[in-house]
Structures are given as structure tokens and as C-alpha cells.
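Q: Pasting in a structure now, in C-alpha cells, and then I'll have a few things to ask.
Each value in this text was obtained by applying a stated rule to the coordinates, not by laboratory testing. Values in this document were obtained by computation on a predicted structure and should not be read as measured data. So basically every Cβ, Gly included, is an ideal-geometry build from the backbone, and we count neighbours across all protein chains shown.
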Amino acid sequence: MLASCRSHFLREAKAGTWSFAKDCARTPRKPVLSLLLQRSTSTGPGTAKDDAARRYLASKGIQDKELMDGIIKSFPSPPPSVRELESFGDAGLSSLAAAVARELAETRLRAQAAPIVVFVDSPRGNVRLELQAKEGQTFFDLAKENPSTLGMEMECACGGIAACSTCHVIIDSKEQFDSLPAPEEAELDMLDLTEEVTKTSRLGCQLVLTSKMNGLCVTLPAQVKNLW
Ligand code: FES
């Protein structure tokens, strides 16, 4: 999924026709670039190829280190070669740089926003967790960020793409449930196959948290079925 979105994004950036909003709409959970920007570059920094890519970007007027890092990490196998960068042409490269700059700005804004507090009751662990989240995160992100608490309770086997149902959460109040953004088709399809589904069930990986959801209370079902 990620690989195909990434190639789609790079292909359109190359053609200068990439649209961030369009790509996000096709992506089941989060902006693709958020994921891309989190990728490690174990083969990258400090190597001759990385230096060459940075020199090439600098020669095209892209001097900002954070922006350079973002562009380099957006490639499937970073760092890209100079030939790969050249193949974008000037228009494609500036389209890619603009998309990365937008995503970096959004990430910065999310980081500055006031934290959101959510509560998770687990009948399996017999505990109530109080977790702090940032705008734009999902329960999938929270499970990864809190491996010894929520991560122990929520497997998220499919990696957050609405394909396993192990992130099933039940919203405690009908009022809170009604105030949430409506689920996409993929989420509804998966909920149809989910065990112990209720009228206020959602997939935690598809619930993008906003400040309006501060205080959200959810309960984990006693059983989950990994459909992945
Ligand atoms: S993590 Fe698999 S459906 Fe949510």
C-alpha cells in the first residue's frame, strides 16, 4: 500500500501534477508524506550518494536542510541518485519540494497544538489508560508510541490500513460517537467483519484525533480477530 502510494506520488510530482489533497483522500489513514518523512535513511546520510543528492538540490536553489532531508526521504530507497533527481526536471522538483514543505509545515503545526487526552478502558487488561495525543494522530499511532500500555492491548496487525480489525474500539458515549467524522467505506467494510461490533464501534487506526475529541473515552472489546 505504502509502496504504491509512494510511487504514485513520485510519478505525479515528476509530471508536476501531484495534488496533496487528492492523494490524502485516497489514503486510508494519514498523509502519505507523514509516513515517508518518518522513514529512516540507514543507507543515506553521509554517503557519497547522499552528498551528491544534496549538492544537486543546492544547485537547484534548495538550501534548507530540513527541506532537503524531507525530499531525500520521500524516495523509496533514499538517498536518490542525481540521475533520479534530474529525471524530475525543474518543474517536477519544485512540485516535490513544495509538497514536502507543506507537509513539514503541517507537522510543525500539529506538534505545537495543545495535547489531546483520550481514555482507553481495557476489559482484557482490566485497566483504564489515560493517553496524550497530538492533533492528527490515531489510536494506531498511540499504540506505537505507548508499547508498554496501549501497545500491549492493541495489536494493529495491518499497520493501520483498515485491514485487520485488531484496533477495534467502542466509543463509550453515543454523543461522542455522533460527533466523530463519518467512517470511510474501507472502515465500514472491515467493521462488517469485526467481532463484537456495536453501534458505536470504530477502527482506532482510522480515527484521526482532533482537539474536538479531547476527553474521548473508548473501550476495547474483550476479543479481537486478526483478519490480516
Ligand atoms: S490497525 Fe488494522 S484495521 Fe486498524
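Q: If I take R0 = 35 Å and measure r between the Cβ atoms of Ser211 and Gln63 in this structure, what FRET efficiency does the formula 1/(1 + (r/R0)^6) give, to the nearest 0.05?
A: Efficiency for this residue pair is about 0.50.
Q: Name the residues of segment 211-226 whose amide N is less than 20 Å from a point 7 angstrom out from the Cα of Ser179 along the C-beta direction?
A: 211-220
Q: Of the cross-linked pairs Lys144/Lys212; Lys73/Lys144; Lys60/Lys144; Lys144/Lys225; Lys60/Lys134, which ones have a Cα-Cα span greater than 28 Å in the structure shown? Before the final figure, lay out the partial values.
A: Details: Lys144/Lys212 22 Å; Lys73/Lys144 21 Å; Lys60/Lys144 37 Å; Lys144/Lys225 19 Å; Lys60/Lys134 35 Å.
Going by Cα-Cα distance, Lys60/Lys144; Lys60/Lys134 fall outside the 28 Å limit.
Q: Rounded, prolate or oblate: which one fits segment 116-219, using the alpha carbon gyration tensor with axes a ≥ b ≥ c (rounded when a/c is under 1.5, else prolate when a/b beats b/c, else oblate)?
A: Details: a/c = 1.29, a/b = 1.10, b/c = 1.17.
Because its axes are fairly even, with a/c under 1.5, segment 116-219 counts as rounded.
Q: Any chance you could tell me what percent of the C-alpha pair distances in segment 167-216 go past 16 Å? Spell out each step's value before the answer.
A: Values: 408 of 1225 pairs.
When all Cα pairs of segment 167-216 are counted, 33 percent exceed 16 Å.
Q: How would you rank Cys167, Cys156, going from fewest to most other Cβ atoms within 10 Å of each one's own Cβ?
A: Values: Cys167 28, Cys156 24.
If I rank by nearby Cβ atoms, fewest first, I get Cys156, Cys167.
Q: Follow-up question, since we're still on this one. Treating only the Cβ atoms of Lys and Arg (+1) and Asp and Glu (-1) as charged, compute the dipole magnitude of segment 78-154 about its Cα centre; round to the nearest 20 debye.
A: Numbers: 8 positive and 11 negative charges, 35 e Å.
My answer is approximately 160 debye.
Q: Could you tell me the distance between the Cα centroids of segment 178-217 and segment 122-154, to the nearest Å?
A: Using only Cα atoms, the two centres lie 15 Å from each other.
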